[in-house]
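Asks: Here it is: the structure, laid out below.
The values are calculated or read from the model by the stated rules, or taken from the named source; none is laboratory data. The structure presented is a predicted model; accordingly, all values stated were derived computationally and were not measured. Methodologically, a virtual Cβ is constructed for each residue, glycine included, from the backbone with ideal geometry; neighbour enumeration extends over all protein chains shown.
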């Protein structure tokens with residue numbers, strides 16, 4: 001019975017992570033990362049360093065979101081030590 005419960009929890013977490021990736025992370029990648037980065041490259045007056053800094057600023061919100069998800073997943077994994085952690089980077 002414990003193995004079935006563990007499997008159920010693991011499947012629920014897998015589903016939640018996939019949903020989070022599909023509904024939130026992917027949208028952030030498209031809107032924040034790719035579009036923002038493209039706009040950085042469109043500035044013909046910017047230096048290479050300025051373009052790189054602009055792109056880094058575009059990546060920051062997504063990096064913060066991914067770090068938050070990883071942190072919360074680690075907390076969850078710690079609370080459920082029997083679960084494997086394939087969702088963590």
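Asks: Return only the number of the condition from (1) modelled with pLDDT of 75 or more; (2) surrounded by 13 or more Cβ atoms within 10 Å (Cβ to Cβ) that residue 71 does not satisfy.
Replies: Of everything listed in (1) modelled with pLDDT of 75 or more; (2) surrounded by 13 or more Cβ atoms within 10 Å (Cβ to Cβ), residue 71 misses just condition (2).
Asks: Go through segment 28-48 and give me each residue that's within 17 Å of residue 64 (Cα to Cα) and touching a helix residue (DSSP H, G or I) at 6+ places or on another chain (Cβ under 9 Å). Outline the logic, then answer.
Replies: Pass one, segment 28-48, residues within 17 Å of residue 64 (Cα to Cα): 28-34, 36-37.
Correct list: 28, 29, 32, 33, 34, 36, 37.
Asks: Can you name every residue in segment 44-65 that is loosely packed, with under 14 Cβ neighbours inside 10 Å and either closer than 13 Å to residue 17 by Cα or modelled with pLDDT of 90 or more (or both)?
Replies: Hits for segment 44-65 are 44, 45, 47, 48, 49, 50, 52, 53, 56, 57, 60.
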